[in-house]
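Trainee: Take a look at this one; I'll ask things after.
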Amino acid sequence: MALTLSAVVVFGILAVVLLRGRHVSLGTASVLFLFGFFVAGTGAYKPIYTACQAIAQALTHLTT
């Protein structure tokens, strides 16, 4: 059985865990959120997306 999760869901869960565990402050989390939001609107989006896709494909090939 394969389980597929969106990167948004994974990073969202990770953010909630870090915030609840007091590993990052609300201010730090807000800055990181805004950084990600603004990076998504730039030309850096495509290379970052391609790299994440390649890593995900490599991980799926390792588990099969």
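The values are calculated or read from the model by the stated rules, or taken from the named source; none is laboratory data. Here the structure is a predicted model, which is why all the values come from computation and not from measurement. Note: ideal-geometry Cβ built from the backbone for every residue, glycine included; neighbour counts use all protein chains shown.
Trainee: List the pairs whose first member sits in the range 6-28 and is at pLDDT 80 or above, whose second member is part of a loop (DSSP other than H, G, I, E, B), and whose Cβ atoms are under 6 Å apart, counting only residues at least 6 apart or on separate chains?
Mentor: If the second residue must be part of a loop (DSSP other than H, G, I, E, B), the pairs left are 18/24.
Trainee: Residue check, residue 62 against (1) at pLDDT 80 or above; (2) of a type outside the set (Gly, Ala, Ser); (3) surrounded by 10 or more Cβ atoms within 10 Å (Cβ to Cβ), all met but one. Which one?
Mentor: (3)
Trainee: Would you mention how many residues in the range 1-49 are assigned to a helix (DSSP H, G or I) and either surrounded by 10 or more Cβ atoms within 10 Å (Cβ to Cβ) or touching an Asp or Glu at 6+ places or on another chain (Cβ under 6 Å) (or both)?
Mentor: Counting residues in the range 1-49 that are assigned to a helix (DSSP H, G or I) and either surrounded by 10 or more Cβ atoms within 10 Å (Cβ to Cβ) or touching an Asp or Glu at 6+ places or on another chain (Cβ under 6 Å) (or both) gives 27.
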